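The block underneath contains the structure these notes are about, expressed in structure tokens.
Where a number appears in this text, it was derived from the coordinates with a stated rule and is not lab data. This structure is a prediction, so every number in the text was calculated from the model and none was measured. Please note: Cβ atoms are built from the backbone with ideal geometry, for glycine as well, and neighbour counts cover all protein chains shown.
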Amino acid sequence: MYSEKVMDHFSNPRNVGEIPDADGVGTVGNPKCGDIMKMYLKIENDVITDVKFKTFGCGAAVATSSMATELVKGKTIEEAMKITNKAVAEALDGLPPVKMHCSNLAEEAIKAAITDYRRKKGLTEESSSCDVCCRRCEDVHHHLDEEE
């Protein structure tokens, strides 16, 4: 059902954790399945120098989060913004159709963290990172903000 790469990234996820002084943080969630991803970016001269994630969800959610961090590390912001859910799934040698939504969350988490970075730097108009994912995760953001 799952590729060896998916199983490897689930069993040995890369870049797990958080960056306390992150330049950008993005949180996204899927209310249908309950998966929540939080991505932290450290950015220097428009290059992502460090990335960490925390994910609550299934094995595919953990694997796609892990792979997404590997794909963005060392990339410019513009390059990272072009990473799609399809690229994440392909890098994992595919996902079952019922788990493709996990790769969507991984793409959205990258974009939400970059949007947060741009907002903090005054590079975009004031808005919530939820704008990136069509406000599907608004309740997740509210819930997580209350916990912190």
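Based on the alpha-carbon gyration tensor of region 4-93 and its eigenvalue square roots a ≥ b ≥ c, which shape applies: rounded if a/c is under 1.5, prolate if not and a/b is larger than b/c, or oblate? Judged from the Cα gyration tensor, region 4-93 comes out prolate (a/c at least 1.5, a/b above b/c). Karplus-based coupling profile of region 19-35, in residue order and whole Hz: 10, x, 10, 4, 7, x, 10, x, 10, 9, x, 10, x, 5, 9, x, 5, with θ = phi - 60° in 6.51 cos²θ - 1.76 cosθ + 1.60 and x standing for Gly or Pro.
The phi torsions of region 64-75, fed into the Karplus equation with coefficients 6.51, -1.76 and 1.60 and a -60° offset, translate into couplings of 5, 4, 4, 5, 4, 5, 5, 6, 8, 4, x, 8 Hz, rounded to whole numbers, with Gly and Pro shown as x. For the pair Asp93 and Asn45, label points projected 7 Å from Cα toward Cβ lie 3.7 nm apart.
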